[in-house]
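Enquirer: I have a structure here, written as structure tokens, and I will follow up with some questions on it.
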Amino acid sequence: MTYTHRLAGPDDLPRLESLIGTAIGELQKGFLNDDQIAASRAIMGLDTALISDGTYFVVEAEGRFAGCGGWSRRATLYGGDHSAGRDAALLDPATDPAKVRAMYTHPDFARRGVGRLILQLSEAAAAAEGFTTLELMATLSGEPLYRAAGFVPVEQVCDDGGGVPVPLVRMRKAIAAG
């Protein structure tokens, strides 16, 4: 499969929201129960600041959105525009890890290299800005990809912001600054 990628723009929002909703609903089956999947919608999603900052990628295949995701130079670790507790403070590349954010793959393209491509793009962009560490908050369904890409768990948490505790794993990876 041949993928193309580009930075996401505001006009992509309807298609991104559809992809994200499908990914949350389908790819967490087998990892979370129905109540946890429903609660995930309240704590996950797209933070449009990523698009405004020019750090959010769309991966396409055959004219379809295969996946999306990116990185951030801001303090928020995860969550969408609707999530509580976002922090837009800029990070210091010398001391803070860049954040990998809002990674979603359409189920039709799962386990076909989309997530790895987004991670590679994000790592290269963060390294080019002088970051030496990446950090993310993994869902249980995403954790195997992140482990395979060199991320290590540093903390297990449960987020009950959606009314039901959803298990998550904070992970980090050292990278070489560009």
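Enquirer: Using a 7 Å offset from the Cα along the Cα-to-Cβ direction at both residue 17 and residue 111, what is the distance between the two label points in nm, to one decimal?
Expert: Calculated label separation equals 3.2 nm.
Enquirer: Would you mind checking which residues have amide H under 5 Å from residue 67's amide H? H placed 1.01 Å from N; only 5 or more apart, or other chain.
Expert: Amide H to amide H, under 5 Å and 5 or more residues apart or across chains, residue 67 pairs with 59, 106.
Enquirer: Under the rule a/c < 1.5 gives rounded, and otherwise a/b versus b/c splits prolate from oblate, where does the stretch 1-122 land using the Cα gyration tensor?
Expert: Numbers: a/c = 1.67, a/b = 1.15, b/c = 1.44.
Note, shape of the stretch 1-122 comes out oblate.
Enquirer: Continuing with this model, one more query. Below 11 angstrom from the Cβ of residue 71, what's the summed charge of the other residues (Lys, Arg +1; Asp, Glu -1)? Write out the running numbers ahead of the final one.
Expert: Working: positive: 73, 74, 99, 101; negative: 53, 123, 129, 135.
Value of the local net charge: 0.
Enquirer: Take the alpha carbon atoms of the stretch 62-130, find their radius of gyration, then divide it by 2.2 N^0.38 Å using N residues; give the quotient.
Expert: Numbers: Rg = 13.5 Å, N = 69, 2.2 N^0.38 = 11.0 Å.
It is 1.23.
Enquirer: What residues qualify as long-range amide H neighbours of residue 130, i.e. H under 5 Å apart, gap of 5 or more or another chain, H built at 1.01 Å from N?
Expert: Placed amide hydrogens put 178 under 5 Å from residue 130.
Enquirer: Relative contact order for the stretch 23-102: what is it in percent, counting Cα pairs under 8 Å that are at least 6 residues apart? Kindly include the intermediate steps, with their values, before the conclusion.
Expert: Numbers: 106 pairs, mean separation 22.5, N = 80.
With pairs under 8 Å counted, the relative contact order is 28 percent.
Enquirer: Roughly how many percent of the accessible protein surface of the stretch 32-178 is carbon and sulfur, given a 1.4 Å probe and a whole-percent answer? Mind showing how you got there, number by number?
Expert: On the way: 3050 of 6350 Å².
Reported share for carbon and sulfur atoms: 48 percent.
Enquirer: Under a 1.4 Å probe, what is the accessible area of the chain per residue, stated in Å²? Could you put the intermediate results ahead of the total?
Expert: Working: 8230 Å² over 178 residues.
In whole numbers, the chain has 46 Å² accessible per residue.
Enquirer: Starting from 0.36 nm per residue, how many nanometres of slack lie between residue 75 and residue 133 once their C-alpha separation is accounted for?
Expert: Roughly 19.5 nm would be gained on extension.
Enquirer: With a sphere of radius 15 Å drawn around the Cβ of residue 35, what net charge do the other residues whose Cβ falls strictly inside it have (Lys, Arg +1; Asp, Glu -1)? Could the numbers behind the result be given before it?
Expert: On the way: positive: 29, 41; negative: 34, 159, 160.
Net of charged neighbours comes to -1.
Enquirer: Starting from the amide H of residue 102, placed 1.01 Å from N in the peptide plane, find each other amide H under 5 Å away whose residue is 5 or more places distant or on another chain.
Expert: Result for residue 102 returns 79.
The values are calculated or read from the model by the stated rules, or taken from the named source; none is laboratory data. It should be emphasised that the depicted structure is a prediction, and the values quoted were computed from it without experimental measurement. All Cβ positions, even for glycine, are placed from backbone atoms using ideal geometry, and neighbour counts span all protein chains on display. Heads up: the accessible areas ignore ligands, DNA and RNA and are worked out on the full protein's heavy atoms, side chains in. Shrake-Rupley method; radii C 1.70, N 1.55, O 1.52, S 1.80 Å.
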